Amino acid sequence: MGLFDKLAGWLGLKKKEVNVLCLGLDNSGKTTIINQLKPSNAQAQDIVPTIGFSIEKFKTSRDSLSFTVFDMSGQGRYRNLWEHYYKEGQAIIFVIDSSDKLRMVVAKEELDTLFSHPDIKHRRIPILFFANKMDLKEALSSVKVSQLLCLENIKDKPWHICASNAIKGEGLQEGVDWLQDQIRTMRT
Amino acid sequence: MSAAQIEQDNSMASSKWLDAHYDPVANLYTFSSCMALADLHGDGESKLVVGDLGTGTNNMKLRVYHGTGLLSENTLLDLPTGLVSFLMDQHEPRTPAIAVASGPFIYVYKNLRPYFKFTLPSLEINALEQDVWIQARQDMIDTMSLKEMLEGIRDKAEIPLSVRSLRFLMLEPQDMEAFVNLHKEQPLRRQTVITCIGTLNKNMADEDAVSCLVIGTENKDVFILDPEAFTILSKMSLPSVPTMMDVTGQFDVEFRITVACRNGNIYILRRDSLQPKYCIELSAHPVGLVRMGKNVVVGCAQETLQGYTQKGKKLWTVYLPAPVTTMGVMDLPTRGFQAVLVALASCEVHVYRDKNLVSTIKTPDVVTSICFGRYGREDGTLIMTTKGGGLIVKILKRTAVFEDRDSAPGPPLAQSIRLNVPKKTKLYVDQTMRERENAVAMHRAFQMDLSRLRLAAARAYVKALESSLAPMSASITEPLKMNAVVQGLGPSFKLTLNIQNTAASRPVMNLAVCFLFDEGLYSMRTAFFKIPLLVPGLNYPIDTFVECLSDKGISDIIKVFVLREGKSAPLLTAHINMPVSEGLPLN
């Protein structure tokens, strides 16, 4: 980063851009969460399973961070695409379907693969977990989800889990605020 | 490859599966034939449908699982013998129906609600039996004569008795009257029961095509039913009662039904043939039957797994470490992987690709039913139920790789590498010709030499016995046995002779021991001494000391003779190989 860029950053002239990876199993609600975070006039009505990945850009309301979100497909056959974007990602949003008890092990397995990848392993990259679908009656609590995913073992990265209901948009802002704080502290 | 890397590879290999769910008290008792995975609601999430056998007499249930929980439960009237899911029609949404075979009926469920009940056509009744029951109805005969007449029919009639008559014959005399009064008014029927059930696509090869039900009956018949009207489209007969079947193809085009029968044979039926086309005669009864592409894999009661072509030619046999409990097919079309799952009585599930063992799964209990496919949203899910009523769900890892080579210990790879055998030389060919022509003469020469060798050996042995060179005395008057032990590092050794009189009762007297050795090398305090009276059976240790005189690290043999007083020929001889003296002699 050149001197002028830094200067522009301090003066608040340049918009701060952040690349965020949105990961998680299929049908966990990644696209729905991203859709909710977009301004209401840009939101899509129907959410269909993502093929490959899609890129969404939006600004957060509180300050001038500009998010570029890589909304990856969670389907098994596209999950091997994830690792190609690890390098660019400056933050990760990991979405979990907290009503799918059976596939919690699969989510954990994908998370372990993520953490053992050389592009992620040694970086202090903030990770935000959404324990999604909290409205369903068979949903596990966010504490239970973090237990099942063994999140307490993450020592070298800042992480945060929040319960969410992406369809109504509940809990999303709390998570995004945390992510913004983390990104800001990392930059200064 | 470093040790750590190998370790990592091993741990990777052992964990191809994720443990998604284990409920040891699911109270689910079933077999592979009563398990199916189906997208019952058309929402893209497959459910597990199980015909639960309950205790075997009651509590039979049709259970549907979704994720880790039970979704619904329907009571079944009788024990289920088979359960399949199939698409009946082209209507949207494409939700499959469930067919449960039980007794002579097939209960069809749609949207988990009873939809249709199919009954097997009744069979011809023995005319004599019919007459006897008509007489019983009109009270013309009493129960005892009814019993006698039915027994007579049972023993020689060509058409077997109906279930009612057979049950009547089983009763105790005091119960017979009530049984006859209860049943005599109803018309007599003879019905067979369903033993196995399968599905066959009607006219399309697609996964979601409309399919017919294929059923095997106790009456040695195979029926193919229309998917919508449940009429019998085709009927085929077998030489024995079918127990397991596998169906492939399309009804309107060409199909193949592979049926394992109770007589231990496997028959292969095809379209346009009322009789089996091919027959595989197994050496032991089949326990599991699975089709892999065009081949048939059979698990036999003799702890073997055998592969056959679709024409009944045997391809291979694998010997298993334990009896087979059940078998299933593992099909992953997205990865192009197909394998056979074999559950063993040793609480293991082996995954075989052809005859190669590619993976082993340990289970906490003996697996009685196994099923692989899409469950929930996960394609590679393995579902097992155990003998104790447990339910195990495992998910294949996305990164799991099955190696093609055999992971079981077997002949090393080098064994199958072809050796570079040199070409046959003229000399070799000449020798072969000579051997072929003079085979008899060569054999005789060999036999002659062998006999001579034996003779020479026997002669040497006799000579040794005659001259008492052996440490066992052969003479009848003095049967003696001796062995010698040398102790010490040198230069002085302790020599212990253990002498035993092996006679039954006679003691031996007047014996002496004499040593013969190189006097330049060894010295002995007493090279000759007498032996006391030897009582039969006891072991007499005699000690003496030998001094080694040389410091050159050489050793020699010391000969021990046991002599009888007044006779120069020894009774027995022992050669003692002295050890090399490790110490230096004191001057």
Completion exercise
Sorted by chain and then number, the residues having a modelled amide H within less than 5 Å of the amide H of B:GLU348, at least 5 places away or on another chain, are B:THR363, B:VAL367
Completion exercise
Between B:LYS202 and residues 5 or more places away or on another chain, the pairs with built amide H atoms under 5 Å apart involve B:VAL210, B:SER211, B:CYS212, B:PHE251
Completion exercise
Within the stretch B:175-207, DSSP-loop GluC sites (Glu not before Pro) with at most 13 other C-beta atoms within 10 Å are B:GLU185, B:GLU207
Fill in the blank from the handout: Going residue by residue through the stretch B:340-357, the Karplus relation 6.51 cos²θ - 1.76 cosθ + 1.60 with θ = phi - 60° gives ³J(HN,Hα) values, rounded to whole Hz and with x marking Gly or Pro, of 9, 9, 10, 8, 10, 5, 8, 6, 9, 10, 9, 10, 10, 10, 6, 9, 9, 7
Exercise for the section: Please give the contour-minus-distance gain from B:ARG262 to B:PHE179: 0.36 nm per residue of separation, less the Cα-Cα distance, rounded to one decimal in nm. Expected result: 26.7 nm
Problem - Cβ-Cβ FRET estimate between A:PHE58 and A:ASP119, R0 fixed at 25 Å, reported to 0.05 - result: 0.50
Fill in the blank from the handout: Applied in sequence order to the stretch B:444-450, the curve 6.51 cos²θ - 1.76 cosθ + 1.60 (Karplus, θ = phi - 60°) yields integer Hz couplings, x standing for Gly and Pro, of 5, 4, 5, 4, 4, 4, 5
Exercise for the section: Round to the nearest 10 and give me the degree value, 0 to 90, for the angle of helix B:127-137's Cα axis relative to the longest principal axis of chain B. Expected result: 70
Practice task
For chain B, find the longest principal axis of its Cα atoms and tell me its angle to the long axis of helix B:3-14, 0 to 90°, nearest 10.
Solution key: 40
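Can you list which of the trypsin sites (Lys or Arg not before Pro) found in the stretch B:151-198 are DSSP loop residues with at most 16 other C-beta atoms within 10 Å?
Here the trypsin sites (Lys or Arg not before Pro) that fit, given the DSSP loop and packing criteria, are B:ARG189.
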Problem - Additional length obtainable on full extension of the chain from B:ALA301 to B:ASN577, 0.36 nm per residue less Cα span - result: 93.4 nm
Problem - GNM flexibility winner over chain A from A:PHE94, A:PHE53, A:PHE129 (Cα, springs under 10 Å) - result: A:PHE53
Handout entry: Placed amide H near A:LYS16: partners under 5 Å, 5+ positions off or other chain
Key = A:SER66
Exercise for the section: If a/c stays under 1.5 just call it rounded; otherwise compare a/b with b/c (prolate if a/b is bigger, oblate if not). Do that for the protein assembly as shown, with a ≥ b ≥ c from the square roots of the Cα gyration tensor eigenvalues. Expected result: oblate
Completion exercise
Taking Cα atoms, the helix B:426-437 axis meets the longest principal axis of chain B at an angle in degrees (rounded to 10) of 90
Completion exercise
For B:ASP518 and A:ASP135, extending 7 Å from Cα along the Cα-Cβ vector and measuring point to point gives, in nm, a value of 10.6
Completion exercise
Cα-Cα longer than 31 Å, checked against A:LYS87/B:LYS397; A:LYS38/B:LYS16; B:LYS16/B:LYS220; B:LYS110/B:LYS220, kept in input order, equals A:LYS38/B:LYS16; B:LYS16/B:LYS220
Exercise for the section: For the stretch B:314-412, build the convex hull from the C-alpha positions and give me its volume per residue in Å³. Expected result: 111
Handout entry: the stretch A:15-187 shape via C-alpha gyration tensor axes, a/c threshold 1.5
Key = rounded
Exercise for the section: Excluding B:MET236 itself, calculate the net charge of residues whose Cβ lies under 11 Å from the Cβ of B:MET236, where each Lys or Arg counts +1 and each Asp or Glu counts -1. Expected result: +3
Problem - Estimated FRET transfer efficiency when R0 is 41 angstrom, pair B:ASP449-B:LYS424 (beta carbons, to 0.05) - result: 0.90
Practice task
Per DSSP H run of at least 4 residues, take -39500 (n - 2.57); add these up for the protein assembly as shown, divide by its residues and hand me the 222 nm value, nearest 500 deg cm²/dmol.
Solution key: -6000 deg cm²/dmol
Practice task
Could you work out, residue by residue across A:98-105, how many beta carbons of other chains sit within 10 Å of that residue's beta carbon, and then give the average as an integer?
Solution key: 6
Handout entry: Residues B:ASP543 and B:THR360, FRET efficiency given R0 of 60 Å [Cβ-Cβ distance, rounded to 0.05]
Key = 0.45
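Every read-out reported here was derived from the displayed coordinates using simple, explicitly stated rules and does not represent laboratory data. Fair warning: this is a prediction, and the values are worked out from it, not measured in the lab. Reconstructed Cβ throughout: ideal geometry from the backbone, glycine too, with neighbour counts over all protein chains shown.
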